[in-house]
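Worksheet for the structure shown next.
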Amino acid sequence: MPPVETHLISIDPQAIDLSLIERAANCLKNGGLVAFPTETVYGLGANALDEPAVAKIFAAKGRPPSDPLIVHIATLAEIHRVAVQIPPVASQLAARFWPGPLTLVLQRHTQVPARVSAGLSTVAVRMPSHPVAQALLQAAGLPIAAPSANRFTRPSATTAAHVLEDLGGEVDIIIDGGTASIGLESTVVDLTTTPATILRPGGIAPEDLRLFVPDIQVKARYWEGEEATPSPGMLLKHYAPRAELRLFSGEREAVLRAMYEAVLMLHAEKKAVGLLLAEEDRAFFADLKVPQQVLGAQSNMVQIGYNLFAALRYLDTQGVDVIVGRMFESAGLGLAISDRLLRAASGRVIYVSSS
Ligand code: TXA
Ligand code: MG
């Protein structure tokens, strides 16, 4: 497809300019593509009820048609426009977590084109809390299908600059509404299975969902209980920087020593190396002159999640061949962080023991 002219517009979430929102809403109504901020990551939106517009999303991202999209709604009433046979637990979860970083998989309403859901009879639905996303949904008066606004397999976009980098010349409008406040995508919960299943860990922790759905199962493709399944063949490369990510896991001191040695070895191989660290790790690597990104204190999963995708993208801009990093605790938001790190590393983790 020939490149389109991409217009970048800034909207202050605290003082929304409704004339700019109107312009973006009209673009959606006319079958265009609008990238917009949400509290999780930026989304690449199209009218969910307009099949040709939805097809453009897949083309713009280079996303395979087998990967279904999330449909965003502004109000609870709108759920009936996109889904049917909604179970009572959906209302309970929506009442507690919407608007917010939770996506519910429900039975798809026939007026939602099958293409949105990659041909599945289900549909993923989310009500975002970001004021700009809310204003856009309301002005358009439409459900908006929107995957994360990155090129397929790249780290998700948490700023408008990331969107421009990946999708400039592919989308009609990019709305800059500041940095996404969570920085990790929504938790995807399938309510069409018994028991309900977490298909993708995200911004709502499994522990919080369990208060409402005690028997919920974590069935993220690459997670079994607390530990990653070390079977790289099963793992889809996703959220990945251009550089190879080499991840270490195990007792902290041993992990840091192994990371340090890995940097020296890679340097001996004439490879450019970047480091992905926790605040506490920084001193250990102080004498190494390599680009590094500090994600946050190792116990602060909110901070680590907020910085993760931007850090991976930043290290890529430094032209490194290999990023050396480590795993974190997988409780709470840590499950989503571990999931994204693992996928960025195509599932490869180096387990180190302390002896
Ligand atoms: O936070 C988010 O969820 C962001 C913002 C923009 O809302 N969106 C997002 O979309 O991350 P995307 O397309 O990058 O990820 C959607 C996820 C995929 O893992 C997809 O497989 C799953 O949701 N999904 C969508 N529809 C589904 C369905 N009907 N059944 C099962 N999984 C589904
Ligand atoms: Mg995505």
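The values are calculated or read from the model by the stated rules, or taken from the named source; none is laboratory data. Because the structure is a prediction, the values reported are computed rather than measured. In this analysis, Cβ positions are derived from the backbone assuming ideal geometry, glycine residues included, and neighbour counts consider all displayed protein chains. Heads up: the accessible areas ignore ligands, DNA and RNA and are worked out on the full protein's heavy atoms, side chains in. Shrake-Rupley method; radii C 1.70, N 1.55, O 1.52, S 1.80 Å.
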*So what's the angle, to the nearest 10 degrees on a 0 to 90 scale, between helix 301-317 and the longest Cα principal axis of the chain?*
80 degrees
*In degrees, nearest ten, helix 18-29 long axis to first principal axis of the chain (Cα)*: 80 degrees
_Sulfur and carbon atoms: percent of accessible area, the range 56-122 [1.4 Å]_ = 57 percent
*Each residue of the range 184-191 in order: what ³J(HN,Hα) in whole Hz does its phi give by Karplus 6.51 cos²θ - 1.76 cosθ + 1.60, θ = phi - 60°, with x for Gly and Pro?*
10, 5, 5, 7, 9, 10, 8, 9
_Rounded accessible area per residue of the chain, 1.4 Å, Å²_ = 40 Å²
*Just need the relative contact order of the chain here, percent rounded to a whole number, with Cα pairs under 8 Å and 6+ apart.*
19 percent
*In whole Å, how far is the Cα centre of the range 15-76 from that of the range 116-187?*
6 Å
*Starting from the amide H of residue 109, placed 1.01 Å from N in the peptide plane, find each other amide H under 5 Å away whose residue is 5 or more places distant or on another chain.*
83, 84
*What are the residues whose amide H is under 5 Å from the amide H of residue 103, where those residues sit 5 or more places off or on another chain and H is modelled from the backbone?*
187, 188, 189
_the range 227-354, accessible surface, carbon-and-sulfur percent (1.4 angstrom probe)_ = 54 percent
*asked:* Apply the Karplus curve 6.51 cos²θ - 1.76 cosθ + 1.60, θ = phi - 60°, to the phi angles in the range 212-217 and return the couplings in whole Hz, x for Gly and Pro.
replied: 9, 10, x, 9, 4, 10
_Please report the net charge: other residues with Cβ closer than 10 Å to the Cβ of residue 101, K and R +1, D and E -1._
-1
*asked:* What translational diffusion coefficient, to the nearest whole µm²/s, does the chain have by Stokes-Einstein, given a Kirkwood radius computed over alpha-carbon pairs, a temperature of 10 °C and 1.306 mPa s viscosity?
replied: 76 µm²/s
*Max mean-square fluctuation residue, GNM over the chain, Cα-Cα springs under 10 Å, options 138, 293, 92*: 92
*asked:* Spelling out what I want: for every residue of the range 323-332, take phi, set θ = phi - 60°, compute 6.51 cos²θ - 1.76 cosθ + 1.60 (Karplus), and round to whole Hz; glycine and proline get x.
replied: 9, 9, x, 9, 7, 10, 4, 10, 7, x
*Can you list the lysines whose alpha carbon sits under 25 Å from that of residue 219, skipping same-chain ones fewer than 8 residues off?*
237
_Can you list residues from other chains, or at least 5 along the same chain, whose modelled amide H is less than 5 Å from the amide H of residue 324?_
246, 274, 275, 276
*Determine the share of the range 1-55's accessible area contributed by carbon and sulfur atoms, expressed in whole percent, with a 1.4 angstrom probe.*
54 percent
